[in-house]
Amino acid sequence: MLNTNDILETINMIKQENLDIRTITMGISLLDCISDDRARLETKIYDKITKSARDLVKTALDLEHTYGIPIINKRVSVTPISLVGADFGPDEYVRLAGVLERAANELGINFIGGFGALVQKGMTRGASALIEAIPEALATTTKVCSSVNVASTKAGINMDAVKRMGEIMRQTAILTQDQDSIGCAKLVVFANIPEDNPFMAGAMHGMGESDTVINVGVSGPGVVASAIKREGYCDFSRLADVIKKTAFKITRVGQLIAYEASRRLNTPYGIIDLSLAPTPAVGDSVAHILENMGLEKCGTHGTTAALAMLNDAVKKGGVMASSHVGGLSGAFIPVSEDAGMISAAECGALTIEKLEAMTAVCSVGLDMIAVPGDTSASTLSGIIADEIAIGVINNKTTAVRLIPVIGKDVGESVEFGGLLGHAPIMPLNKYSSEEFINRGGRIPAPIHSLRN
Amino acid sequence: MKAVITVIGKDSVGIIATVSAECAKFGVNIVDITQSVIQDYFAMIMLVEIDNMSSTFMSFQKELEAVGVQKNLDIRVMHEDIFNTMHRI
């Protein structure tokens, strides 16, 4: 029989420490929907999504009951829409976003990702039109998420795209200003975008994927924070061990759910994304893990080292627990979605410069950071360029999801509600990046030897 | 298929009787029980066989949860595999 302590430990993780499956995301290829007849394309997309993911929500609910573990989000990711629309104009892309929204509503899912483009080296006419359509598409839908990959380690940084995305981010903020610029929470700019990421807003179904696939994102910062707290004072070798063991257990649950979801939905199992994804709930914070390691406040000196160790130990523990790992896999640091980050930002311990340093050692990047509403497009592009450069040079994924909250300034805060949480507006450097951003062209791909 | 029923809460008379009666009602066979009382707190773990259940897993689960609410106990029914995968390599 199972060990009593093990059973109680699992139940405690779920009940007290917010262990959950963050998302089951079904990736759906839309390449077979391509048609030169607009109406036919829209119908085919709607039909393919609603048919492929028909049982997704129901299956997730069944799994939730059977295994007694909450499954927070059910999502769909699709082939980057710029590849499906190709020669569309911006208006037609906005209409396609509407089709995705309708399909998402029909399925009852939380989000649909993939309204995006891959422009790391250059921009096709279709990709350019899609990017043009992003602000209106995000303002007129609630579930559609957009991601644009502007750089890769192999291609370098497309600085024209970086410049454009600063403008698009600003326009999106303006178009959704009556809702505190919430549209920007659904827009991410990437370097080295993964093709199998189940997390939003950056999920898309890559070109090398099968027709449909199930990817699962685990969570559990609360479980890791509690395990570290329980362990008490110990050295770093021991600490890494505690994190690895915990990450292993969390990931095993993800593996079970992914395997079962894939079997029940008759869809191939893709990957587990080993991420520590926080929520604004008390006891579900990545910042609190770092603070439990001995930092007075997240953001102080030592934070980058603590996060580097956490991220590495989570991967080491998780990799053994799952047969296929992918996506973003690491600790997320979305400011507004993490109670500890919010508190650290409010008291001034956590600044955007420190967050940038932290992204060099963890998953994703500058995430859910509210910045002053009067931030210029070129400053936004400057922030994007910095973050993307970290990813390109270090051969990792980085991303930027900033919210320039129109009408608000430093000292004020913004409430997004639900899983998106709330955030103080963070101050930015006041000096201009405009001339730099206006140069255009590409920053060449980095050299892969002489690594320093 | 086996499930694990866990009952956690303040100790009182008849907890096992109540849960066992529900199992019998649903045609659920009890395979093993362990229980302990730590400082007034009662923790019972029951391994049950649910293949010949007379109703759905979800309705059994709901019924036991309702009993838990009535008696001020936290009662959960979970497929045994979540524990097996998490704690056994």
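The values are calculated or read from the model by the stated rules, or taken from the named source; none is laboratory data. The shown structure was predicted, so the numbers you read here are calculated from the model rather than taken from an experiment. Cβ placement follows ideal geometry from the backbone for every residue including glycine, while neighbour counts extend to all protein chains displayed. Please note that ligands, DNA and RNA were not included when accessible areas were found on the heavy atoms of the full protein model with its side chains. Shrake-Rupley method; radii C 1.70, N 1.55, O 1.52, S 1.80 Å.
Listed values, structure above:
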| item | result |
| --- | --- |
| Principal axis box of segment A:216-442, alpha-carbon based, largest edge first, Å | 50, 43, 34 |
| Largest to smallest principal axis extent of the C-alpha atoms in the protein assembly as shown, angstrom | 77, 57, 47 |
| Cα-based Rg and Dmax for segment A:22-191, where Dmax is the largest Cα-Cα distance (Å) | 16.3, 50 |
| Separation of alpha-carbon centers, segment A:108-167 and segment A:278-341, rounded to whole Å | 27 Å |
| Spin-label pair A:Ile174/A:Thr142, simplified geometry with 7 Å Cα→Cβ offset, distance in nm | 2.6 nm |
| Whole-number D in µm² s⁻¹ for segment A:140-213, Kirkwood Cα-pair radius fed into Stokes-Einstein, 10 °C, 1.306 mPa s | 118 µm²/s |
| Net charge of Cβ neighbours under 10 Å - reference A:Ser29; Lys, Arg +1; Asp, Glu -1 | -2 |
| Portion, in percent, of the accessible area of segment A:298-405 that falls on carbon or sulfur, probe 1.4 Å | 56 percent |
| Over 15 Å [Cα-Cα, segment B:2-87], rounded percent | 55 percent |
| Cβ-defined net charge surrounding A:Val410, 12 Å radius [Lys, Arg +1; Asp, Glu -1] | -2 |
| Computed E for A:Lys316/A:Arg38 - FRET, C-beta separation, R0 51 angstrom, nearest 0.05 | 0.55 |
| Hull volume in cubic angstrom per residue (convex hull over the Cα atoms of segment A:196-344) | 107 Å³ |
| Vicinal HN-Hα couplings computed from phi for segment A:186-192 (Karplus, 6.51 cos²θ - 1.76 cosθ + 1.60; Hz; Gly/Pro x) | 9, 10, 10, 10, 10, 10, 6 |
| √(5λ) per eigenvalue of the Cα gyration tensor, segment A:348-452, largest first, Å | 26, 18, 11 |
| Rounded to the nearest 10 Å², the accessible area of A:Tyr259 at probe 1.4 Å | 130 Å² |
| Environment charge at A:Lys229 (Cβ cut-off 13 Å; Lys +1, Arg +1, Asp -1, Glu -1) | -2 |
| Amide H contacts under 5 Å for A:Gly283, placed H, 5+ residues apart | none |
